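For reference, the structure is listed below as structure tokens.
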Amino acid sequence: MTPLSLQPVSVHCVDLAKSYGPVQAVRDVHLDVAAGQFLALLGPSGCGKTTVLRCIGGFEAPDEGRIQLGARTVASAATWIPPEQRHVGMVFQEYALFPHLSVEENIAFGLTRETQREERIHDMLRLVGLEGVRHRMPHELSGGQQQRVALARALAPRPGVVLLDEPFSNLDAALRGRVRQEVRDILRRAGVTVLFVTHDQEEALSLADQVAVMMEGRIIQVDRPERLYRRPATHQVATFLGEANFLPGKAKGRNVECALGTLDLHDELVGEVELMFRPEDLLLSDQDDGSAEIVDRTYFGHDQLLTVRLDSGTILRSRLVGCCRGLQPGRRVGLRIDTPVMAYPTPYGCPVPAQGPIQPGADTSPVAPKSVRRPHLS
Ligand code: ATP
């Protein structure tokens, strides 16, 4: 048991499918979240993230598949456990605080059978740092404080898993960064399993232990944030996760020939490929006989984005940190990449494996789909 008496549970979704009339919102969803892990479900609007979360919470019934929380099957063709019996805490986008109840009454709301009720409320107030405002009403709180009350209310009944649906989207940009870190710290201290839904890749990469990328109802890739960013499984995932450069090339095992010379590959590959590398991988040097010309420069303060055109007409982007005074539009530059790059068989990366998502630690090389692991549940 953690000091807060929470017992995190694992979450397994197997072959989940859900339609709303003709709209197939979710299909073939496999998800495996270890107890105590913090997983972000990331994807563009309408890809089915909320539907997966609602199925896990018991607010929607899947048409097909199975959901298991710890050792308990909570939804399958033969089983249906209602939301109030799943020991799941839910935090909604709009917090859904009761406007006529004070902070402590909101937190106490789910504690019907708690014997040491007062102590529990006090522990929750301390956990989220709101002891000083326990008697205030929701409208007397800032957005960040309301978020923390919603979190305390979800954690008070000792859930095994907490589900958060776009929890930061109501906050303005200045508050968002701070509240994100606060919420992450609170949830880590609570030691609970967390699934949160977001369409913001920066949010997912900076908060989660694992990120599951979802598109068009399916989970495409599950990985650690760094690996996901460095080694996206498809062209589509690469562009969704941030800026990406693409170049044609010819792979020969661990190397690839392209307009930038011979580069190292993350994975062994042979034949025509499309290379992917991030703007921060592309290094520029001021060079009169260089192979490209700077055509644009956008200055952001801590870094700058330079657009370069190769003599072939191909446009690439380079993100440079610090002051690079000589690098202005019109200058010729030499280009270099010192890190291994990703490659996809042309034209658009490896197809989504029919049998399930690419799992953490799996070799995400497009030529090795057999390394895809699926959860095995008895
Ligand atoms: P967002 O980020 O915009 O909230 P999402 O990725 O969470 O989107 P869902 O809310 O799960 O996506 O919706 C997936 C698809 O199912 C969308 O096409 C949506 O319009 C549709 N959908 C969701 N709920 C319903 C419903 N109750 N009735 C009909 N269609 C629905």
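The values are calculated or read from the model by the stated rules, or taken from the named source; none is laboratory data. These figures come from a predicted structure and were not determined experimentally. In this analysis, Cβ positions are derived from the backbone assuming ideal geometry, glycine residues included, and neighbour counts consider all displayed protein chains. We work out accessible area using only protein heavy atoms, side chains counted, and drop any ligands, DNA or RNA first. Shrake-Rupley method; radii C 1.70, N 1.55, O 1.52, S 1.80 Å.
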Q: Just need log10 I(q)/I(0) for the chain at q = 0.15 Å⁻¹, Debye formula, equal scatterers on the alpha-carbon atoms, no solvent, rounded to two decimals.
A: -1.23
Q: Can you tell me the dipole magnitude for segment 118-226 around its Cα centre, using point charges on the Cβ only (Lys, Arg +1; Asp, Glu -1), in Debye to the nearest 20?
A: 360 debye
**Q.** Alpha carbon convex hull of segment 168-213, projected area averaged over orientations, nm²
**A.** 3.3 nm²
Q: Place a +1 charge on the Cβ of each Lys and Arg in the chain and a -1 charge on the Cβ of each Asp and Glu, then give the dipole magnitude about the Cα centre in debye, rounded to the nearest 20.
A: 640 debye
Q.
Regarding segment 1-60, what's the average projected area of the Cα-atom convex hull, expressed in nm²?
A. 4.9 nm²
Q) With Cβ to Cβ distances under 12 Å as the rule, what net charge do the other residues near P159 carry (K, R +1; D, E -1)? A) +2
Q: At 0.36 nm per residue, minus the direct Cα-Cα distance, what do R336 and E182 gain on full extension? Give it in nm, one decimal, please.
A: 51.5 nm
Q) Can you list residues whose amide H is under 5 Å from F196's amide H, if they're 5+ apart or on another chain and H is modeled 1.01 Å from N? A) L39, A40, L41, L164
**Q.** Label point distance in nm, D209-E293, each placed 7 Å from Cα along Cα→Cβ
**A.** 5.3 nm
Q: Give the Rg (one decimal place) followed by the Dmax (whole number) of segment 5-107, computed from C-alpha coordinates and expressed in Å.
A: 14.8, 44
Q) For the pair Q116 and H139, how long in nm is the line joining their label points, each one 7 Å along Cα→Cβ? A) 3.7 nm
Q) Which residue, chosen from P279, A204, G301, occupies the Cα position most advanced towards the positive end of the dipole of the chain, where the dipole is computed from +1 (Lys, Arg) and -1 (Asp, Glu) charges on Cβ about the Cα centre? A) A204
Q) So what are the ³J(HN,Hα) numbers for segment 222-238, from phi and the Karplus equation (6.51, -1.76, 1.60; θ = phi - 60°), rounded to whole Hz, Gly and Pro as x? A) 10, 7, 5, x, 5, 5, 4, 5, 6, 10, x, 6, 9, 4, 5, 5, 4
(Q) Normalised radius of gyration for segment 110-247, please: alpha carbon Rg relative to 2.2 N^0.38 Å, two decimal places. (A) 1.24
**Q.** Per residue Cα convex hull volume in Å³ - calculated over segment 192-312
**A.** 150 Å³
Q: Only helical DSSP H runs with n ≥ 4 go in: add -39500 (n - 2.57) per run for the chain, normalise by residue count and round the 222 nm mean residue ellipticity to 500 deg cm²/dmol.
A: -6000 deg cm²/dmol
**Q.** Projected-area mean, segment 48-129, by convex hull of Cα positions, square nanometres
**A.** 7.2 nm²
Q) For segment 257-337, what does the equivalent ellipsoid look like in terms of its semi-axes, each the square root of 5 times an eigenvalue of the Cα gyration tensor, given largest first in whole Å? A) 24, 15, 10
Q. Over segment 1-118, what percent of the accessible surface lies on carbon and sulfur atoms, probe 1.4 Å?
A. 52 percent
Q) How do 154-164, 259-269 rank on mean C-beta neighbours within 10 Å, highest first? A) 154-164, 259-269
